[in-house]
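Have a look at the structure below before the remarks.
The values are calculated or read from the model by the stated rules, or taken from the named source; none is laboratory data. Here the structure is a predicted model, which is why all the values come from computation and not from measurement. Quick reminder, even Gly has a Cβ in these numbers, built from the backbone with ideal geometry, and neighbours come from all protein chains shown.
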Amino acid sequence: MITAERHGNVSVLRMDYAKVNVIDLEFMTAIVEQFRAVPATDAIVLTGNGRAFSAGVNLKRLMVDDLSYTSEFLDMLSGAI
């Protein structure tokens, strides 16, 4: 899902999830965990593999899954900011 690299005092987190790094609850959880796991650094670069940084939020999951999924996703998202 996410790989971490270190280049001097810069940490690079590279997303590689689904076709275009679409963000769902599982991926958002992984992103937050990776940010928290980064040791002291001067900068963190978040980038994506493939043709796009990210397609954004997986709207299909928000519409198809039940309300508890949407609530949990929004809680995770707001806690990450």
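The set of residues in the stretch 60-80 being aliphatic (A, V, I, L, M) and exposed (fewer than 11 other Cβ atoms within 10 Å of the Cβ) consists of M63, V64, L67.
Considering only residues that are at negative phi and surrounded by 14 or more Cβ atoms within 10 Å (Cβ to Cβ), which ones fall in the stretch 12-25?
V12, L13, R14, M15, Y17, V20, V22, I23, D24, L25
Here R36 passes the criteria (1) at pLDDT below 95; (2) surrounded by 13 or more Cβ atoms within 10 Å (Cβ to Cβ); (3) within 17 Å of L77 (Cα to Cα) except the one numbered (2). Of the residues making up the stretch 39-67, those that are assigned to a helix (DSSP H, G or I) and either in contact with a helix residue (DSSP H, G or I) (Cβ under 7 Å, 6 or more places away or on another chain) or within 16 Å of M28 (Cα to Cα) (or both) are L59, K60, R61, L62.
Only one of the numbered conditions (1) of a type outside the set (S, T, N, Q); (2) modelled with pLDDT of 95 or more; (3) part of a helix (DSSP H, G or I) is not met by E72, and that is (2). Can G50 be described as loosely packed, with under 14 Cβ neighbours inside 10 Å, in contact (Cβ under 8 Å) with a residue 12 or more places away in the chain and touching a Lys or Arg at 6+ places or on another chain (Cβ under 9 Å)? Yes: the conditions hold for G50.
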